[in-house]
Amino acid sequence: MVVALLILLGGGGAVAFFLLRDDPEPAPGPDVGLGNDPLADVREYTDIDRQHYSGTIDYPEVLPPPGGPHNALWLDCGVYTSEVPTEFAVHSLEHGAVWITYEPSVGSAEVEELTSHYTPGDYLIVSPFTEHDNGLAGEPNQPIALTAWGAQLGLDEADAGTIDAFLSEYQEHPSVPEPGGPCSSGVTPDMVPDLDGSSEQAPAPELVGR
């Protein structure tokens, strides 16, 4: 069972969100049991807090976070060459986007492979991420992560078949909290408002699909 602990500090402090990870379970697929399921190592998370906050949010357990509290604004999907604000990208996950992240150690050829999976209009964000924290206890972190709301798969290299399988399974998945929510007309990193102010809860919009 996943346990989430949310701590809200007053006086403009950060919101701390603790997401405890499950043991990995094979994701369903036609090749389960045959030893070649590309999604066998996907880690899934449930009972994820999805409240809106206007300040910075601390995601200390899993990075990038596969969900959690986030800003009331979402990040436009697309390919970014610099890091994007996590609080806004997580909101895009809530709408059904997949977020592909890679550490600085990933080579240019692999980055090109990752970005090649984006076509304008896709519910997909591709961006660098300074340091992942996506390994299970006692295991190293992988330099590439495929993240959806409630699911994450770490990769040591940009394997096209695995990426395609993850996108096919999780991109615009109907089980996300806000299916059909937009992945455009939100914000881009240069439009992000100052997050150093209040961490009070922002008004939540009408929920879609709930």
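The values are calculated or read from the model by the stated rules, or taken from the named source; none is laboratory data. Note that this is a predicted model, so its numbers are computed, not measured. Here the Cβ positions follow ideal geometry from the backbone for every residue, glycine too, while neighbour counts run over all protein chains shown. The accessibility values were calculated without ligands, DNA or RNA, using every heavy atom of the protein model including side chains. Shrake-Rupley method; radii C 1.70, N 1.55, O 1.52, S 1.80 Å.
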Just the number, please: carbon plus sulfur as a percent of the accessible area of the range 54-150, 1.4 Å probe, no ligands or DNA/RNA counted.
50
Just add up the charged neighbours of CYS183: K/R +1, D/E -1, any other residue whose Cβ is under 10 Å from the Cβ of CYS183.
-3
Excluding ligands and nucleic acids, what accessible area in Å² is computed for SER185 using a 1.4 Å probe, to the nearest 10?
110
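If you take every residue apart from THR119 with its C-beta less than 14 Å away from the C-beta of THR119, what net charge results, scoring Lys and Arg +1 and Asp and Glu -1? Please report the intermediate quantities before stating the final value.
On the way: positive: none; negative: ASP122, ASP164, GLU172.
In short, -3.
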For the pair ALA160 and THR46, what calculated FRET efficiency results from E = 1/(1 + (r/R0)^6), where r is the Cβ-Cβ distance and R0 = 35 Å, to the nearest 0.05?
0.75
Relative contact order, percent, the range 62-102 [alpha-carbon distance under 8 Å, six or more residues apart]
46
